[in-house]
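Here the structure is laid out as structure tokens; the discussion comes afterwards.
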Amino acid sequence: MNLPLFEKTIVVTRAAGQSSQFAYSLQNYGAKVIEMPTIEIVAPSSWDELDRSIATLTEFDWLILTSTNAVDYFFERLASQLQDVRGLAAIKIAVVGEKTAQRLRQRGLQPDFIPPEFVADAMVINFPESVEGKKILFPRVETGGRDVLVRAFSDRGAIVTEVAAYQSTCPSIPDAKSIAAIQDHAVHLVTFASSKTVKHFCELLEKAIGDQWTEYLKAIKFASIGPQTSKTCRALLGRVEIEASEFTLDGLIKAIVAQANSLK
């Protein structure tokens, strides 16, 4: 059996409850995985904007969903307003990434457009029709998300309604097991699937260890899901050794396995 990650300890930073499949895949390559929740997904501070948009759903031309969290929270709120997917019959749906598309299909709907690359920027570049005068509903994370989609579609003449569907917050208590492993110099690699996981990782380490937290990272390598996350790694951690060429969790696994020999 080929186990390129045998005896390598990898800390997986993800939202609480969302990292299991990714962790399991790394374990299949022999890795010892420690899951470190760096994000908690919760309801937005107010449902008002989303509820107003749901009440006028038939006025929109497109619904854009850029994450599985956006799918889950949008459709749960849709159901809570005593509406169902039939209200989306005349609306086209665009999603970013195959995982988001799969989550949408679980709701009984097919996406009308998935950009060829797994990043939001590719959504704008490859959009299948002119958006001038089109009304776009964009349920998204309340704070901390990138504004590239809103700006780009607005620049092309679209009328974008941006509404908070969920919040992405930093856990209040650092994970004891992952902190202990880092302090014991037992970790070979830390993985990041978003810029926010990088930011919260740093915050949690500083909270748990204090001002000297960076001293414990000198021998640890960092793996990023894509360019934006890598940019944040360099800004906050000074470096990133592994970056996925396909900007998905599967792509991140491939990149890690390809560079397994570098994990000393």
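The values are calculated or read from the model by the stated rules, or taken from the named source; none is laboratory data. As the structure is a prediction and not an experimental result, all values here were calculated from the model. Cβ atoms come from the backbone with ideal geometry, glycine included; neighbour counts cover every protein chain shown.
So which of E7, E59, E40 ends up being in contact with a Cys (Cβ under 9 Å, 6 or more places away or on another chain), among the charged types (D, E, K, R) and touching a residue at least 12 places away in the same chain (Cβ under 8 Å)?
E40
Could we say that T248 is in the same structural domain as L26 (by TED's automatic domain parsing), under 25 Å from G144 (Cα atoms) and touching a Ser or Thr at 6+ places or on another chain (Cβ under 8 Å) here?
no
Could you tell me how many of the residues in segment 196-227 are in contact (Cβ under 8 Å) with a residue 40 or more places away in the chain, of a type in the set (D, E, K, R) and either farther than 21 Å from R146 by Cβ or not assigned by TED's automatic domain parsing to the domain that holds A180 (or both)?
1
Can you tell me which residue is surrounded by the fewest Cβ atoms within 10 Å (Cβ to Cβ) among those in segment 96-148 that are of a type in the set (V, I, T), under 14 Å from F247 (Cβ atoms) and touching a strand residue (DSSP E or B) at 6+ places or on another chain (Cβ under 8 Å)?
Taking the candidates together, the pick is I114.
Being of a type outside the set (A, V, I, L, M, F, W, C), in contact with a strand residue (DSSP E or B) (Cβ under 7 Å, 6 or more places away or on another chain), in the same structural domain as V124 (by TED's automatic domain parsing) and without any contact (Cβ under 8 Å) to a residue 60 or more places away in the chain: is that true of S230 here?
In short, no.
Identify, by number, the condition in (1) of a type outside the set (K, R); (2) over 21 Å from S168 (Cα atoms); (3) surrounded by 20 or more Cβ atoms within 10 Å (Cβ to Cβ) that A260 doesn't meet.
It is condition (3) that A260 fails.
Kindly establish whether A94 is more than 16 Å from S194 (Cα to Cα) and in contact (Cβ under 8 Å) with a residue 12 or more places away in the chain.
Yes.
Could you tell me which residue of segment 149-178 is farthest from D48 (Cα to Cα), considering only residues that are in a strand (DSSP E or B), in contact with an Asp or Glu (Cβ under 7 Å, 6 or more places away or on another chain) and at pLDDT below 95?
Checking each candidate, the answer is T169.
So, of the residues in segment 1-25 that are more than 15 Å from F222 (Cβ to Cβ) and among the hydrophobic types (A, V, I, L, M, F, W, C), which turns out to be nearest to the chain's Cα centre (by Cα)?
Per the criteria, the residue is A15.
Take the conditions surrounded by fewer than 14 Cβ atoms within 10 Å (Cβ to Cβ) and over 30 Å from A223 (Cα atoms) and apply them to S80. Does it pass?
For S80, the condition - surrounded by fewer than 14 Cβ atoms within 10 Å (Cβ to Cβ) and over 30 Å from A223 (Cα atoms) - is met.
How do the helices (runs of 4 or more DSSP H) wholly within segment 1-95 filter down when requiring 2 or more residues that are within 30 Å of A181 (Cα to Cα) and modelled with pLDDT under 90: which remain?
Passing ranges, in order: 20-28.
Which condition does T66 not pass, out of (1) touching a residue at least 40 places away in the same chain (Cβ under 8 Å); (2) out of contact with any Gly (no Cβ under 9 Å at 6 or more places or on another chain); (3) closer than 26 Å to A193 by Cβ, if it passes all the others?
The failed condition is (2).
Of the residues A186, A193, A164, which is touching a residue at least 24 places away in the same chain (Cβ under 8 Å) and more than 21 Å from the chain's Cα centre (by Cα)?
Result: A186 is the single residue among A186, A193, A164 that is touching a residue at least 24 places away in the same chain (Cβ under 8 Å) and more than 21 Å from the chain's Cα centre (by Cα).
Which pairs turn up if I take residues in segment 120-143 that are within 17 Å of G157 (Cα to Cα) and look for partners that are assigned to a helix (DSSP H, G or I) and of a type in the set (S, T, Y) with beta carbon separation below 8 Å, at least 6 apart in sequence or on another chain?
The qualifying pairs are L137/S53.
Just one of (1) out of contact with any strand residue (DSSP E or B) (no Cβ under 6 Å at 6 or more places or on another chain); (2) closer than 26 Å to N2 by Cα trips up Q27, so point out which.
Answer for Q27: the failing condition is (1).
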